[in-house]
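All remarks here apply to the structure that follows.
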Amino acid sequence: MTSMTRPAITSPTQLFIGGTWRTANSARKFDVVDPATGEVIAVVDDADISDAEAAMAAAVAAQESWAQTAPRTRSEILSRAFHLIIARTEELAAIITAEMGKPLADARGEVAYGAEFFRWFSEEAVRISGDHTLTGDGKNRIIVTRAPVGPSILVTPWNFPLAMGTRKIGPALAAGCTVVFKPAEQTPLTALALAAILLEAGVPDGVVNVVPTTDAAGVVGSWMASGSARKISFTGSTAVGKILLAQAAPTVMRTSMELGGNAPFIVAEDADLDRAVDGAMVAKMRNMGEACTAANRFLVHRSLANDFAAELAARMGALTVGAGSRPGVEVGPLIDRSGRAKVQRLVDDALARGARAVVGGQEDPGPGYFYPPTVLDDVDARSDLMSTEIFGPVAAIVPYDTEDEVIALANDTEWGLVGYVFTQDIDRALRMGERLEVGMVGINTGLVSNPAAPFGGVKQSGLGREGGKVGIDEFLEYKYFAIPRS
Ligand code: ADP
């Protein structure tokens, strides 16, 4: 990769607080690194707790007038932001690829997906409805209204730097909530570019505040303890989610948690093998496997396991690995050195327990944090990667014999985000889908995420749903008026 082929990074690098761009109070900055090269591509202002407090004060000051803003006005701001994102697809995709690593084609896909949350919630902003009924004895009217929950803390991971932001900002703004938004430290540039778009779309001062920092615990902790925030919406690891749930307790804060996954991908004996392999390519390789929805455990009926492994290995082994900005590249680098080291550790453990590497299995020494697409067959179900999110391009195949056995294996995890079932038998598909302890089921598909659908998990995968008709509910409270009939 030469710098000549790298698109220019056009994102702001300062904090966005109260409608203005400003430097961090400490004047400290931090590096943003291109994971394809390990090179620094930008330096960004590094917020400390005093900046965090300023952002929260701005969000609190803007809350009442934003809540009073006409739904149509809120809707139109989101709609303008949607159109601006689409118009700037190339610019945003280049930023996503530069700081996160995914190939440009995938980054463009994320821009379309991320923008759609703004379009969806611009439509929902004008459809917030209540209810009017009578008490059972007919003596009282019950009028139910919906009110914004209030200033909201948004914390996102690095794997979908744009879409994770729009998925939270969209419903918050549609509902009438102001936000303080801390993007992941690896990917602040996309979040800041998004702030610039929202500013241009007409978001009033203080409604959206974006605060990149290397001190996540300090900045978010100060917001959690402030007593001013009424809501936290978090996407990230289960470990951090639990810390935030504990921090939410003292102020009884509303929480939405999109946490880890450990998705089973089940291929039944009657599955269409080609379709299952197509689905596996999406469920495993989208975002280089760096997605909480990524298929983590391929549970394949023993009669198909070797054929499935061979076909998947042929497809995965043929993918072009390289810097995401290079034309034709299909698999970019992992996010950082420790992400790659974790994948290697999990693969080594599986191999030591008797798995067979059909393709891949050994990390690329770099520069850049590349890991080759890897298929492991005959994986022992006790291997660490069965109970750990791999977050890399490694497909681990465990053969099974009976439906009861595979359901027990699939549910043998504290997580419950998504499960994939491949079968041509509709009864089996629904029966297995119902038995899986997950929030989402993909039937003969490797992709479930869509702004029109309620995304979320059960068990330790989280609380609440994002997207769909219910996505806005996470940022609304019910208020009921009791009115006697006289
Ligand atoms: P990942 O493994 O995907 O990086 P994390 O849960 O560590 O997952 O990170 C997700 C988001 O949570 C990031 O924005 C990160 O900065 C933030 N984060 C990490 N630790 C804390 C913490 N103690 N309190 C609040 N936010 C945190």
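Listing for the model above:
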| quantity | calculated |
| --- | --- |
| Residue check for residue 364: open to solvent by 10 Å² or more (accessible area, probe 1.4 Å) and in contact with a Phe, Trp or Tyr (Cβ under 8 Å, 6 or more places away or on another chain) | yes |
| Residue 267 touching a residue at least 60 places away in the same chain (Cβ under 8 Å) and buried (at least 22 other Cβ atoms within 10 Å of the Cβ) | yes |
| Any chance residue 481 is under 19 Å from the mean Cα position of the chain (by Cα) and aromatic (Phe, Trp, Tyr) | no |
| Conditions (1) among the aliphatic types (A, V, I, L, M); (2) away from the ligand (no atom under 16 Å from the Cβ); (3) surrounded by 24 or more Cβ atoms within 10 Å (Cβ to Cβ): number failed by residue 189 | (2) |
| Set 105, 61: member being over 24 Å from residue 14 (Cα atoms), assigned to a helix (DSSP H, G or I) and either open to solvent by 50 Å² or more (accessible area, probe 1.4 Å) or of a type in the set (D, E, K, R) (or both) | 105 |
| Number of positions in region 409-453 that are open to solvent by 60 Å² or more (accessible area, probe 1.4 Å) and farther than 22 Å from residue 288 by Cβ | 11 |
| Subset of region 381-408 (residues that are under 30 Å from residue 334 (Cα atoms), open to solvent by 30 Å² or more (accessible area, probe 1.4 Å) and touching a helix residue (DSSP H, G or I) at 6+ places or on another chain (Cβ under 8 Å)) | 381, 384, 388, 391 |
| Within region 112-162, tally of residues that are within 16 Å of the ligand (Cβ to nearest atom) and polar (S, T, N, Q) | 3 |
| The lone exception for residue 245 - which of (1) hydrophobic (A, V, I, L, M, F, W, C); (2) touching a helix residue (DSSP H, G or I) at 6+ places or on another chain (Cβ under 8 Å); (3) farther than 18 Å from residue 451 by Cβ it fails | (2) |
| Verdict on residue 82 being open to solvent by less than 10 Å² (accessible area, probe 1.4 Å) and over 28 Å from residue 39 (Cα atoms) | no |
| In region 126-173, the residues that are over 22 Å from residue 480 (Cβ atoms) and of a type in the set (Gly, Ala, Ser) | 152, 163, 165, 170, 172 |
| Test: residue in region 414-436 that is outside any loop (DSSP other than H, G, I, E, B), assigned by TED's automatic domain parsing to the domain that holds residue 269, acidic (Asp, Glu) and at pLDDT 95 or above | yes |
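Every residue, every condition in (1) part of a strand (DSSP E or B); (2) surrounded by 24 or more Cβ atoms within 10 Å (Cβ to Cβ); (3) of a type in the set (D, E, K, R), yes or no:
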residue	(1), (2), (3)
298	yes, yes, no
305	no, no, no
311	no, no, yes
316	no, yes, no
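Here's the yes/no breakdown for (1) more than 30 Å from residue 332 (Cα to Cα); (2) open to solvent by 40 Å² or more (accessible area, probe 1.4 Å):
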residue	(1), (2)
14	no, yes
37	no, no
40	no, yes
72	yes, yes
76	yes, yes
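Conditions tested, residue by residue: (1) over 19 Å from residue 9 (Cα atoms); (2) among the charged types (D, E, K, R); (3) free of Cβ contacts under 8 Å to residues at least 12 places away in the same chain.
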position: 141; (1), (2), (3): yes, yes, no
position: 159; (1), (2), (3): no, no, no
position: 166; (1), (2), (3): yes, no, no
position: 178; (1), (2), (3): yes, no, no
position: 189; (1), (2), (3): no, no, no
position: 192; (1), (2), (3): no, no, no
position: 195; (1), (2), (3): no, no, no
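Condition check ((1) within 11 Å of the ligand (Cβ to nearest atom); (2) under 27 Å from residue 107 (Cβ atoms)) across all residues:
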site: 204; (1), (2): no, no
site: 225; (1), (2): no, no
site: 229; (1), (2): no, no
site: 234; (1), (2): yes, yes
site: 253; (1), (2): no, no
site: 265; (1), (2): no, yes
site: 277; (1), (2): no, yes
site: 283; (1), (2): no, yes
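The values are calculated or read from the model by the stated rules, or taken from the named source; none is laboratory data. Note that this is a predicted model, so its numbers are computed, not measured. Note: ideal-geometry Cβ built from the backbone for every residue, glycine included; neighbour counts use all protein chains shown. Accessible surface areas use protein heavy atoms only, side chains included; no ligands, DNA or RNA. Shrake-Rupley method; radii C 1.70, N 1.55, O 1.52, S 1.80 Å.
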